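Worksheet for the structure shown next.
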Amino acid sequence: MPNIESAIKRVKTSTAANAKNSSQMSAVRSSIKKFEQAVEAGADNVEALYKEASKAIDMAETKGLIHKNKANRDKARLSKKIAK
């Protein structure tokens, strides 16, 4: 455990940021997984799930959780699955 006040504060803020980032990335992965399962099952709400997953990816990109190119690559892969 750190003794210096600024280091103590840094531990608190980094722990909070880590928790927030982890939950947000988990939400992105969950939305992608829901979409992929709906595509496999041939569900009716595929378009809505694609829109939701795409939005989650964009939000993760703007927050700096994933790189811009990764976000675009992921969205391209999802749109390719709709086209099939």
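Computed values, structure above
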read-out: Any hit, the stretch 6-25, residues being under 27 Å from residue 84 (Cβ atoms), in a helix (DSSP H, G or I) and modelled with pLDDT of 95 or more; value: yes
read-out: Residues being touching a helix residue (DSSP H, G or I) at 6+ places or on another chain (Cβ under 6 Å) and either at pLDDT below 95 or not β-branched (Val, Ile, Thr) (or both) - total across the stretch 51-64; value: 6
read-out: Complete set of residues in the stretch 30-84 that are under 22 Å from residue 17 (Cβ atoms), in a helix (DSSP H, G or I) and in contact (Cβ under 8 Å) with a residue 40 or more places away in the chain; value: none
read-out: Answer residue from the stretch 1-29, given it is closer than 30 Å to residue 55 by Cβ, aliphatic (A, V, I, L, M) and free of Cβ contacts under 8 Å to residues at least 40 places away in the same chain and is least open to solvent (accessible area, probe 1.4 Å) among those; value: 28
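The values are calculated or read from the model by the stated rules, or taken from the named source; none is laboratory data. Fair warning: this is a prediction, and the values are worked out from it, not measured in the lab. Backbone-built Cβ (ideal geometry, glycine too); neighbour counts: all protein chains shown. When the accessible area is computed, the model is the full protein with side chains, heavy atoms only, and any ligands, DNA or RNA have been set aside. Shrake-Rupley method; radii C 1.70, N 1.55, O 1.52, S 1.80 Å.
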